[in-house]
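Read the structure below first, then the notes.
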Amino acid sequence: MFRNSYDNDSITYSPTGRLFQVEYALEAIKQGSASVGLVSKTHAVVVALKRSAEELGSYQKKIIRIDDHLGIALAGLAPDARVLSNFMRQQAMSSRMIYNRPIPISRVVSAIGDKAQRNTQTYGRRPYGVGLLVAGFDETGPHLFEFQPSGTVLEYFGAAIGARSQSARTYLERNFDQFPEASLEDLVLHGLRALRDTLAQDKELLAQNTSIGIVGLDTKFTLYDNDDVRGWLEKLGDVGSTRGRRPPEEPEPEATEDAPVTDAPPPEETDTVEPIETDA
């Protein structure tokens, strides 16, 4: 993408009907490290890959708790995510104070969707440069929503956002039929395998760069970071990137005594000439 005469603000359409500022915000999401979410009949799980700015710096926070039944994973501009998470916390507290109940997941994601959409209609504002995976559990069960800067909010069985997230989506599409009946442990391992597919070729999942968030039936939103993640990574086993690996070669069939395997070609068939009987 490059600068053109229709990207000076977020309220001007191009002749092809595009809002370039919104598309630039979507590109900002692709620059962030990956986050993956998936949901079963009883739980919702988000896993995220943290990134550090430099060797001496700390890792960026990727999963944020909103309420006892709700949390988010982000990809993109962390300051924008902080603003949206504070707004979601205000909505959650208002619901508890006014209605004395946790806020429904669909209501809070609709609220941030409306808030983001207003930025695409108001001159002088810019879209939020962050994507969110909203995981929660309410009276209707577990839910996973994806929020986009355009104000679009959609519910998914499994979703991935951030850099190289297409590899994670491919894994989720191949295995999503196992998610509804999966146990909590299997659901988390599915999420870690999908996250592992987003790694660069020379990287691996570590306790320092991996975050896990879990919420579900009789389970408050729980965040696992640093040493709390080690147990999950040990269950995962192979934590290295799968990029660039050659598929295992098929073993050659073993020779048996009854049917030895040789490289010799089969004998050629020859025509035999039977003797002709004569009267002599």
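The values are calculated or read from the model by the stated rules, or taken from the named source; none is laboratory data. None of these values were measured; they are calculated from a predicted model. Neighbour counts run over all protein chains shown; Cβ positions are idealised from the backbone, glycine included. Accessible surface areas use protein heavy atoms only, side chains included; no ligands, DNA or RNA. Shrake-Rupley method; radii C 1.70, N 1.55, O 1.52, S 1.80 Å.
Computed values, structure above
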{"item": "Test result for Lys30, touching a strand residue (DSSP E or B) at 6+ places or on another chain (Cβ under 9 Å) and assigned to a loop (DSSP other than H, G, I, E, B)", "result": "no"}
{"item": "Options Leu77, Leu56, Leu70, Leu19: the member that is surrounded by fewer than 23 Cβ atoms within 10 Å (Cβ to Cβ), over 26 Å from Asp197 (Cβ atoms) and in contact (Cβ under 8 Å) with a residue 40 or more places away in the chain", "result": "Leu19"}
{"item": "Residues that are touching a strand residue (DSSP E or B) at 6+ places or on another chain (Cβ under 6 Å) and touching a residue at least 40 places away in the same chain (Cβ under 8 Å), drawn from segment 193-207", "result": "Ala194, Leu195"}
{"item": "Matching residues, segment 34-53, being in contact with a strand residue (DSSP E or B) (Cβ under 6 Å, 6 or more places away or on another chain), open to solvent by 10 Å² or more (accessible area, probe 1.4 Å) and assigned to a loop (DSSP other than H, G, I, E, B)", "result": "Thr42, Lys50"}
{"item": "Scan of segment 187-205 for residues that are assigned to a loop (DSSP other than H, G, I, E, B) and either surrounded by 15 or more Cβ atoms within 10 Å (Cβ to Cβ) or under 14 Å from the mean Cα position of the chain (by Cα) (or both), ordered by number", "result": "Asp197, Thr198, Leu199, Lys203, Leu205"}
{"item": "Within segment 146-177, tally of residues that are at positive phi and either open to solvent by less than 30 Å² (accessible area, probe 1.4 Å) or part of a strand (DSSP E or B) (or both)", "result": "2"}
{"item": "Qualifying residue in segment 109-127 (condition: in a helix (DSSP H, G or I), over 23 Å from Leu223 (Cα atoms) and open to solvent by less than 10 Å² (accessible area, probe 1.4 Å))", "result": "yes"}
{"item": "Unique residue being touching an Asp or Glu at 6+ places or on another chain (Cβ under 9 Å) and small (Gly, Ala, Ser) when the list is Ser183, Ser167", "result": "Ser167"}
